[in-house]
Amino acid sequence: MRSRLAMGVIFMDFGSHLIQQLINGISLGSVYALIALGYTMVYGIIKLINFAHGDIYMVGAYVGFFAITVAHMGIFPALIVSMVVTGLLGMVVERLAYKPLRHAPRISVLITAIGVSFFLEYGSMYFVSPTPRTFPRVFETEGLTIAGFTVNGQQLLIFAITLVLMVLLTYIVQYTKIGKAMRAVSFDTETAQLMGIDANRVISVTFGIGSALAAAGGVLVGVYYNSIDPLMGIMPGLKAFVAAVLGGIGIIPGAMAGGLILGIIEALVSGFISSTFRDAAAFAILILVLLFKPSGLFGKNTQEKV
Amino acid sequence: MNIQRKNDLMYLVLGLVIFGIVYGLMEGGMIGSFWKLNIIIICINIIMSASLNLINGYTGQFSLGHAGFMAVGCYVSVILTTNFHMPLIVGMLAGGAAAALLGCLIGLPTLRLNGDYLAIATLGLGEIIRIVIMNINYVGGAAGFTGIPHLTTFPWVFFTMLVTLFFIKNFVNSTHGRACIAIRENEIAAGAMGINTTKYKVMAFTIGAAFAGVAGALFAHCFYIINPSSFTFMASFNYLIMVVLGGLGSLTGSVAGAFVVTALSAALASWPEFRMIIYALALILLMFYRPQGLFGYVELTAFKPFRFLDRTKGGRE
Amino acid sequence: MLFGKRGRRVAGMLLGTMLLGGVLAGCGGGDKAKSDEIKVGANFEMTGNVANYGNATFEGLQLAIDEANAAGGINGKKITLVKADSKSEASEAANAATKLISDDKVSVLVGPATTGSVLAEVRIATDAKVPIIAPCATSPKVTVENGKVQPYVFRSCFIDPQQGDVMAAFAKDNLKAKTAVVYVDSSSDYSKSLGQVFKEKFEAAGGKVLMEEAFLQKDQDFKATLTKLMTANADVMFVPAYYEEVGKIVKQAREIGFTKPIIGTDGWDDPKVADIAGKDALNNTYFSTHYSDKDESVKPFIDAFQKKYNKAPNVFAALGYDAGKMLIDAIKRAGGVDSEKITKALAETKDLKVGTGILSMDANHNPIKQAVILENKDGDRVMVAKIMPK
């Protein structure tokens, strides 16, 4: 009798533990989704894995940090400022570093991207010092306790803002002219150009939007975890790439889904196996996806044409 | 003796001469211990960059996890030498074999991927290897493995380097090497011509990994201690930079690249904050202005003053 | 962008010359110490994963050296710090140490901050007979290897067994805890070894460690593991980690509803912890460290540091400063730059006033220093215990 009660308690504990982990995973996943969107959009349009994207996310966090501490802005203005400034940075990086190599072999562009990544990381380290900075508390809320699970106000904020941005992005891509142009250029660049679309402008805009989204992720992470440092973009950048591949690289809803799924899996691995294997789990997922369904969850199988 | 053999003999003699000179200087105390250490490191880096060049340069597979193979070689060899008191050569062979096995296992499934995906997959694998090592308490985990006997000396390193360079040079000039180069140039065409692309890609990967493992074994016995922090993707990038700087597809380039990058790193040691920024800028500029690296696809013997080293090229052109 | 043939050739030559110049510049050996200066090597992690700990320790050391130089140097000679970067990597630490010793010909070496890197340079320094002072490496292995005391290695911080012991006793006796969970940083020797010592001592005293978990340095999100730890329902959580992660761990633990006391060690000692976690989250947390900032005798150090760097010092900076003070005292007593004499003087350090209190060297080349246990209460750090060395 007592053991059955104990079993019942353990099972309930397990259930609530599981749901708590799911909640953790969703906030984590939202951030991955925001960064993954940038990766997927850029890959879709010029087939480049922008290694420096994780560092753009880091710069976004720092811009937000300075907006809040030096310019004394509130969180929403800081978010907007960071998105705009970082979006511009993304466009500048594209213009300076990637555009001249547009017709170069893939390995050169990849190495340049690595170079840009190092430059952003160590350049930031030089200017703002390697010591982590603390984000001031700008969004204090009590945790909500629903049916025994604690959901933090900031977790809700992250999820809400991510949702809003994704909806906005989908609107832009599906219903505006520039969105149509983006889709055209990613489908077939040369034909799009023949149709009168300025491919260069479209590519710049893509980089800009992708970087702005990453910056939003950066600011939200700053608010949520309260600490930012110049090397914070490396791991999330790689994991967001895994998320983008998981969902289907080049496909926007794929990035969103991939990000959330990766976040949840990571939380579950941390919670039920061991958090030291968390990073390994992300890479293991990557390898499994690439081996068994390289086009990702949402992708279509395209055969390579000779 | 045919011409190729005569060629090899010339290179061997040249190698011995260089060895003699440097060794003499070392023993004579002309070279301080700092430069002694760095020369050993340069030789190890040459082995690493030559083996990476085999994978990236000659076969065109973009592998970013080379430090992982080195780590495997390192740890396997130190377990044997420190815990089981085996001589260095056993450690080196075992390290190389372990790394080769891993390379084979990794190569088989992932070599279906191309370009960018392979890069990230190998990067991830390198990280997984490091994280796994960090969690194994038998080898010290994150704290590292201490008490390693200092068995690496200049003669060991130099001769291993010579063996590596010879092996890779001969491999590249053989049928197998030609197959790899064909795969680099156009994989689908190579497949259409009847080359078993998977076999050669895995072969290249395995051989590259094996030498990285041997280099790892040598590296491990340099410093009395090894630590997983030496095998992050920064380390892999470092070797990649050496290969790219020297020229993908040129063995002379790998040697030169290893030399330049190691020396540059040592020279910039006094300005640590700027070192990485300069690295980054140098990489970007290199890709803009000379993406083929210092030597491109060309070996040293293509240059007039060094023609005498290559008997296969005729007398006067 | 000049992409034409000539442009490329020029750029190639420029690149080549630049690289060659770099190589040649590195070739030149260091100068022997001029007769009116004392050369001290500072081998720290300036770049890489633990750059902020290395930098902080270096800043403390620099402050001590600057103060000594401003007061006229030692016997009229100025101290020059020769900086080298160990890149947060053990093999690079060994490389940097070799450069400092054979090229720059330093008389004594300070650093690096992490145990693994210090261990890498021990052999080199011992072979060259140059003393090392490890400012914050806490593993016992650094000074005592296989029961033998390393003749040329000294340290200026207390060792893991001492802290682990202190905190286990505190948990059991003061907090009356019967069960505990331990959450360590598996990428740090410091953390893992402390976790082990705590478990041994706590269980030896009758307590029980219910769950042990680990995280990796630079991790941001701990909620998943903390949720798991919470299910064990232990009386106390021991987190012997560094401030970067501790701040986030405490904050997130409180956010998921963990109300029990959280205890830690000197890695917690940094104002950032309060910034990241917020003072409410930090209530009911305790940690052991080297000094209390309310201590009158420590104020001069804190003020000087604040004045020079415009920020409050953390535990790494304090230990760097202590190492500096120890060094200066030893050089003074050795009367010169002779490494053997400095080594002997270091071993004889007794009742020296350093930044964080009074320090004496024991037979194992470890310092006999006080430890304090602080409680975070409403944003303030209150001393709850002071443990004098036995």
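Read-outs throughout are calculated quantities, based only on the coordinates presented, and are distinct from any laboratory measurement. Quick caveat, the model's predicted, so the values are computed rather than measured. Every residue, glycine among them, receives a Cβ derived from its backbone with ideal geometry; neighbour counts consider all protein chains shown.
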How compact and how long is region B:148-236, expressed as Rg and Dmax of its alpha-carbon atoms in Å? 16.9, 51
In square nanometres, what is one fourth of the surface area of the convex hull spanned by the alpha carbons of region B:3-309? 16.7 nm²
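Ignore the peptide's own chain and count Cβ atoms of other chains within 10 Å of each Cβ in B:51-63; give me the average, rounded. The partial results should precede the final answer.
On the way: counts 0, 0, 0, 0, 0, 1, 1, 0, 0, 2, 0, 4, 0.
Across the residues of B:51-63, the mean count of other-chain Cβ atoms within 10 Å is 1.
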For peptides C:108-119, B:58-69, C:254-265, sequence by mean Cβ density within 10 Å, most packed first: C:108-119, B:58-69, C:254-265
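From the C-alpha gyration tensor of region C:244-320, pull out the three semi-axes of the equivalent ellipsoid (sqrt of 5λ each), sorted largest to smallest, in whole Å.
26, 13, 10
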Expressed in nm², what is the orientationally averaged projection area of the convex hull enclosing the Cα positions of region C:333-390? 5.4 nm²
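Do any of A:Lys300/B:Lys201; C:Lys192/C:Lys251; C:Lys299/C:Lys353; C:Lys228/C:Lys251; C:Lys218/C:Lys279 go past 18 Å between their Cα atoms, and which? Kindly include the intermediate steps, with their values, before the conclusion.
Working: A:Lys300/B:Lys201 27 Å; C:Lys192/C:Lys251 22 Å; C:Lys299/C:Lys353 13 Å; C:Lys228/C:Lys251 16 Å; C:Lys218/C:Lys279 22 Å.
In this structure, A:Lys300/B:Lys201; C:Lys192/C:Lys251; C:Lys218/C:Lys279 exceed 18 Å between Cα atoms.
Can you give me the convex hull volume of the Cα atoms of region A:13-141, divided per residue and expressed in Å³? Numbers along the way, then the final one.
On the way: hull volume 19.3 nm³, N = 129.
For region A:13-141, the hull spanned by Cα atoms encloses 150 Å³ per residue.
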Using modelled amide H (1.01 Å from N, peptide plane; none on Pro or chain starts), what sits under 5 Å from the amide H of C:Ile74, excluding residues fewer than 5 places away? C:Ile79
Roughly what % of DSSP beta bridges within region C:42-194 run antiparallel, to the nearest 5? 25 percent
Could you rank the peptides A:95-106, B:139-150 by their average count of other C-beta atoms within 10 Å per residue, with the highest value first? B:139-150, A:95-106
Long-range amide H partners of C:Met46 with built H, under 5 Å: C:Ser86, C:Lys87, C:Ser88
Per-residue mean of other chain beta-carbon atoms within 10 angstrom of the beta-carbon, peptide A:224-233? 5
Can you list residues from other chains, or at least 5 along the same chain, whose modelled amide H is less than 5 Å from the amide H of C:Ile358? C:Gln370
Modelled label reach - A:Leu156, point 7 Å along Cα→Cβ, region C:249-284 residues with backbone N closer than 15 Å: none
Expressed to one decimal in nm², the mean projection of the alpha carbon convex hull of region C:160-289 is 6.5 nm²
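Relative to the compact globular guide of 2.2 N^0.38 Å, what is the alpha carbon radius of gyration of region A:30-230, as a ratio?
Numbers: Rg = 17.9 Å, N = 201, 2.2 N^0.38 = 16.5 Å.
Against the compact-globule rule of thumb, the ratio is 1.08.
Within a Cβ distance under 13 Å of C:Gly54, other residues only, what is the Lys/Arg minus Asp/Glu net charge? Could you put the intermediate results ahead of the total?
On the way: positive: C:Lys83, C:Lys87; negative: B:Glu273, C:Glu45, C:Glu59, C:Asp85, C:Glu89, C:Glu92.
Here the charged neighbours net out to -4.
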State the antiparallel share, in %, of DSSP beta bridges confined to the protein assembly as shown, rounding to the nearest 5. 45 percent
Translational D (Stokes-Einstein, µm²/s) of region C:90-229 at 37 °C and 0.692 mPa s when Rh comes from the Kirkwood sum over C-alpha pairs? 195 µm²/s
With r as the distance between the Cβ atoms of B:Met30 and C:Lys178 and R0 = 60 Å, compute the FRET efficiency 1/(1 + (r/R0)^6) and round to 0.05. 0.35
Give me the distance in nm between label points sitting 7 Å out from Cα along the Cα-to-Cβ direction at A:Phe272 and C:Asp66, one decimal. 5.5 nm
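If you count, for each residue, the other Cβ atoms within 10 Å and average over each peptide, how do C:290-301, A:20-31, B:3-14 line up from highest to lowest?
Result, highest mean Cβ count within 10 Å first: A:20-31, C:290-301, B:3-14.
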Across 10 Å bins beginning at 0, the whole-percent shares of Cα-Cα pair distances in chain C come to 5, 23, 30, 22, 12, 6, 2, 0
Among C:Lys208/C:Lys369; C:Lys39/C:Lys308; C:Lys77/C:Lys369; C:Lys83/C:Lys386, which pairs are too far apart, with a Cα-Cα distance over 26 Å? C:Lys208/C:Lys369; C:Lys77/C:Lys369; C:Lys83/C:Lys386
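Using R₀ = 25 Å, calculate the FRET efficiency as 1/(1 + (r/R₀)^6) where r is the Cβ-Cβ separation of A:Val167 and A:Leu297; round to 0.05.
Working: r = 20 Å, r/R0 = 0.81.
Calculated value: 0.80.
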Phi-based couplings in Hz for region A:80-96 (Karplus 6.51, -1.76, 1.60; Gly and Pro marked x): 5, 4, 5, 4, 5, 4, 5, x, 5, 4, x, 5, 5, 4, 4, 5, 7
Could you work out, residue by residue across C:269-276, how many beta carbons of other chains sit within 10 Å of that residue's beta carbon, and then give the average as an integer? 3
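Taking the Cβ-Cβ separation of C:Lys299 and A:Leu18 as r and a Förster radius of 51 Å, what is the calculated FRET efficiency to the nearest 0.05?
Working: r = 51 Å, r/R0 = 1.00.
So the FRET efficiency works out to roughly 0.50.
Hey, what D do you get for region A:159-306 in µm²/s if you plug the Kirkwood alpha-carbon radius into Stokes-Einstein at 20 °C and 1.002 mPa s?
Details: Rh = 17.1 Å.
Translational diffusion coefficient: 125 µm²/s.
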Taking chain B as a Gaussian network, where each spring joins two C-alpha atoms under 10 Å apart, which residue of B:Glu185, B:Glu127, B:Glu27 fluctuates the most? B:Glu27
Once phi is turned into θ = phi - 60°, what whole-Hz ³J(HN,Hα) does the Karplus curve with 6.51, -1.76 and 1.60 give for every residue of region C:277-294, x standing for Gly and Pro? 7, x, 5, 5, 5, 6, 4, 6, 10, 9, 8, 9, 7, 8, 7, 10, 6, 8
Is the protein assembly as shown rounded, prolate or oblate when judged by the Cα gyration tensor, a ≥ b ≥ c being the square roots of its eigenvalues, rounded requiring a/c under 1.5 and prolate requiring a/b larger than b/c? oblate
Report the charge-dipole magnitude of chain A in Debye, nearest 20, computed about the Cα centre from +1 at each Lys and Arg Cβ and -1 at each Asp and Glu Cβ. 540 debye
